[in-house]
Amino acid sequence: MSEERLEFKAEVSRLLEIVAKSLYSHREVFLRELISNASDACDRLRYAALTVPDLAGSDADYKIRVSVDKDAGTLTIADNGIGMGRPELVDNLGTIARSGTLAFLEQLSGDAKKDVSQIGQFGVGFYSAFMVADKVTVLTRKAGEAQGWRWESDGQGAFTIADEGGLARGTRVILHVTEDAKEFLDPQRIHGVVKRYSDHIPIPIVMAGTSESGAAEDETLNRASALWMRPKSDVTDEQYTEFYHHVAHAFDDPWLTLHFRAEGMLEYAALLFVPTRAPFDLYQPDRKHQVKLYVRRVFVTDDAEGLIPPYLRFVRGVIDSEDLPLNVSREMLQSNPMVTRIRQGVTKRILGELTRKAKDEPAGYAQFWEAFGPVLKEGVYEETGQRDTLMPLLRFRSTGGEGDQAWVDLDGYVERMRPGQDAIYYITGDDADALRRSPHLEGFAAKGVEVLLLTDPVDEFWVPAVGTYKDKPLKSVTRIGSDLSKIKAEAGKTEADAPAAPGNIDRLVAVFKDTLKDAVKDVRTSERLTDSPVCLVADEGDMDIHLERLLKQHRQLQQASPRILEVNPGHPLIAAATRTLEDSGSTDRAEELAWLLLDQARIVEGDPPPDPTAFSRRLTKALERGLAG
Ligand code: ADP
Ligand code: MG
C-alpha cells in the first residue's frame, strides 16, 4: 500500500529536539503520558458508545495492555479505545495543539532544569515517547471505521502514514527502545512505574507475558477503580498527588485537596485540587474551567459550561454525578438545573475551604493568593451573591504592609483607619513599588493613613462595582474629594495641613489655568502633596487615570480626558513662582512653569509629554537660567 511522508510542523520538530536532548531525569514519565492517552481514548469511546452502541461492538471491556518484547527491543502500549482516523493522526501526532506551548517549553528547558517531566501539562505528552525510543510506530483503527493506519516516525522532522489491514479497534503505540533506555524492557521496572504514576487510572492496565511462548497469565498492575469513589481513609497523599498530576496535566503538588461526597437531594462525588503554581494558560480569554464531569463513573466531558464558575477556573479535578442522565449533550448541560446546583454546592465548599485556610494558615494562603488572587477577584466583580464571602478573602499590598511580601486584608485595614478617616483609600497602577513613590500618597503618608496598592487590571473593574466595604467607601487617591483635613494625624506625624500660603497663590493658580486652558480640566491647590510641586488627579465623575491608560493601551479609547492639576502651595518652587509673579508683574515665567510642571506631572504618571520638543526646550531654558544664577 502507498505510504505517504509528511513533515512535522516546525514547532513539533523543535519540540522533539528539546525532548530528545534535554531530558535525562524522570524519563519514565513517558509511560504515564502514553497510559494517560490510552485511558482518555477508552473514556471517549465509552461515552460515544452510549448514544451509538455499535461503536463499541462486542468489545466494551476496556483495557490497556503493556507488553515488552526483549528480542525485538520494543515496548507496546495498546488500548481498545476510540482510535484515530487518518486526519486525526495527522492533526494529533503532527502538530502542537495549544499555542504558546513551545515558547513555554523552551523557557522551561533553557536553564539548569534538564527535566521536562512536566511535558504532559502542555498537551504534548505523546512526544515524550521519543525520550526513550528512536522510532515510534502507531497502529490504529478508529471505532466505526474499517480502515486502519500505521503512523511511524524516528522523531527527525518527518513521519509516514500508510494504510494497514487487520487491525483491532483502538491504538497500539510501539516504542523501539533506545540502547540507553533498555531498562524499560524490564517488566519489573514497568510494573514499578505504572504503580507509581498510574495506579489511579480507572481502567485496568494489564501486563501480558513476554513474547516467549506459553500464554502467560495477564497481570493487572493497577487498582483500576475510580479514586474519587474510594473513602478518604483509603487514599494516600501520594495517590492524591499522582491523580492530580494525571487530571490536571500538572507537575506541582496540590496546594489544596478537597475530596467529598454530597448526599441527599443531589448525589455526587468530587475530588478537587487547587494547584500550587498557576498554569501557564490561566489568563486565556475564554476563562474555561478544566474540571472533568463524570456520570456514574463514565467520563462525559471536561468542557461542561457552568459546572465551575470562571473565577474558580484554577481548580482541577473530577466531579462524578449520580443523577445526571448519561447521554446528556453539552448543550443540555449548559442549562441543566442539576449542574447549577452542583456548581453552587462545589463553590460553597471551595470558598469555605479557602476561608478556613486564610484564617488558619495565613502564610500558606498568601502563597495561594500570589498564584490565583487576580482570578478570585473576578468573582467579586461578577458574582454578587458571593461578595460577602469573597471580600474577606482578598489580599492587598499596602503602604501599611511591612516589606514587599506583606499582604493585608480589608478587615485589618478598617481596624487601622485613622480617627476621622471615613474611606478606604487605594491607588491603582502596574507596579506596587512605583505606586509607593507616587506623589498622590504624600499627604496620606504625612497623616499616617494607609493606602492599598492595587496592581491587577481586574482591580479597575471590581473596585467601582463594589463601591464600599462595611459601609466604608473605597476611594482612589488619584481622584478629588478625599478630605484629608478631617483626618487626625498619627502621633509623631506633623499636622501637615494648610501650609502657610506664600503670597497670593490664587493668582499663580489663575495664570496656570489661563495658560493651560484645555490641556487641563482645572488647576487647584492641593492638600495631598508634601514633597512634590504638582500632581494630576481625576475629577469626581471621570475615569480613573490608570484605567484610562489601560484602555488606551488596548486601543479601546482614543484620547485621554483632561485632568485636574493640583499645585502644592507649600513647595519652595511654587512659593518662589508666586513671589516672582508678584514682583515682576509679567506672567511669562509663570506660563513657562505651568507647561513644565504639567509635563512633569504627566511623566510621573507614566505618560510622555505630548510635545517632547517643547518640553525639552522649556527645560533647557529653565536650567540655563538656574545655572546662570
Ligand atoms: P493530550 O493528551 O494532552 O491531548 P498528547 O500529546 O498526549 O496530548 O496526545 C495528543 C492527541 O493524540 C490526543 O489528544 C489524542 O487525540 C491523540 N491520541 C494520543 N494517543 C491516543 C490513543 N492511544 N488513542 C486515541 N487517540 C490518541
Ligand atoms: Mg496526553
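The values are calculated or read from the model by the stated rules, or taken from the named source; none is laboratory data. Just so you know, these numbers come straight off a predicted model, no measurement behind them. Every residue, glycine among them, receives a Cβ derived from its backbone with ideal geometry; neighbour counts consider all protein chains shown. To get the accessible areas, we keep the full protein, side chains included, count just its heavy atoms, and leave off ligands, DNA and RNA. Shrake-Rupley method; radii C 1.70, N 1.55, O 1.52, S 1.80 Å.
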**Asked** Over the heavy atoms of Met332, what accessible area does a 1.4 Å probe trace out, to the nearest 10 Å²?
**Response** 100
**Request:** Helix by helix through the chain, keep the DSSP H runs that span 24 Å or more along the axis on Cα and average at least -1.0 on Kyte-Doolittle, and give those back in order.
**Result:** 29-51, 337-360, 362-382, 588-604
**Fill in**
Quick calc: nm separation of the 7 Å Cα→Cβ label points for Glu3 and Thr276 -> 4.6
**Asked** Local charge sum around Gly192 (other residues, Cβ-Cβ under 14 Å, Lys/Arg +1, Asp/Glu -1)?
**Response** -2
**Item:** Per-peptide average of other Cβ atoms within 10 Å, ordering 567-579, 469-481 highest first
**Value:** 567-579, 469-481
**Message:** Just want the answer: with Cβ charges of +1 for Lys and Arg and -1 for Asp and Glu, which residue in Ile342, Ala162, Thr241 is farthest toward the dipole's positive end in the chain?
**Reply:** Ile342
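Of the listed pairs Lys142/Lys348; Lys142/Lys288; Lys486/Lys552; Lys357/Lys486; Lys486/Lys513; Lys377/Lys513, which have alpha-carbon separations greater than 32 Å here?
Lys142/Lys348; Lys486/Lys552; Lys357/Lys486; Lys377/Lys513
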**Request:** Roll a 1.4 Å probe over the protein chains and send me the accessible area per residue for the stretch 378-472 in Å².
**Result:** 42
**the chain: relative contact order in percent, alpha carbon pairs under 8 Å with at least 6 residues between** = 8
**Prompt:** Points 7 angstrom from Cα along the Cβ direction at Arg507 and Glu145: gap in nanometres?
**Reply:** 8.9
**Message:** Tell me the mean residue ellipticity at 222 nm calculated for the chain from its helices only (DSSP H runs of n ≥ 4, each -39500 (n - 2.57), averaged over every residue, nearest 500).
**Reply:** -11000 deg cm²/dmol
**Among 420-429, 340-349, 49-58, the order from most to least packed when residues are scored by Cβ within 10 Å on average** = 420-429, 340-349, 49-58
**Request:** Label the stretch 433-476 by shape, choosing from rounded, prolate and oblate, from the square roots a ≥ b ≥ c of the eigenvalues of the Cα gyration tensor; if a/c is under 1.5 it is rounded, and otherwise prolate applies when a/b is larger than b/c, oblate when it is not.
**Result:** oblate
**Request:** Might you report the magnitude of the Cβ-based charge dipole of the stretch 228-371 about its Cα centre, with Lys and Arg at +1 and Asp and Glu at -1, to the nearest 20 debye?
**Result:** 360
**Prompt:** Measuring with a 1.4 Å probe in the full set of protein chains, what accessible area per residue, in whole Å², belongs to the stretch 505-628?
**Reply:** 54
**Request:** Count charges around Pro87 for me, please; just the other residues with Cβ under 13 Å from its Cβ, Lys/Arg as +1, Asp/Glu as -1.
**Result:** -2
**Item:** Listed residue (Val19, Gln147, Phe444) projecting farthest to the positive dipole end of the chain, Cβ model
**Value:** Phe444
**Cα centroid separation, the stretch 436-462 to the stretch 300-353 (Å)** = 38
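Below 13 angstrom from the Cβ of Pro533, what's the summed charge of the other residues (Lys, Arg +1; Asp, Glu -1)? Walk me through the intermediate numbers first.
Numbers: positive: Arg528; negative: Glu442, Asp531, Glu566, Asp599.
After counting each charged neighbour, the total is -3.
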**Complete:** Rounded to a whole %, the carbon-and-sulfur portion of the accessible area of the chain at a 1.4 Å probe is 49
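Go through Lys470/Lys521; Lys447/Lys472; Lys521/Lys621 and tell me which ones have a Cα-Cα distance over 29 Å in this structure.
From the list (Lys470/Lys521; Lys447/Lys472; Lys521/Lys621), the Cα-Cα distance tops 29 Å for Lys470/Lys521.
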**Asked** Given +1 on the Cβ of Lys and Arg, -1 on the Cβ of Asp and Glu, and no further charges, what dipole in debye does the chain carry about its Cα centre, rounded to the nearest 20?
**Response** 720
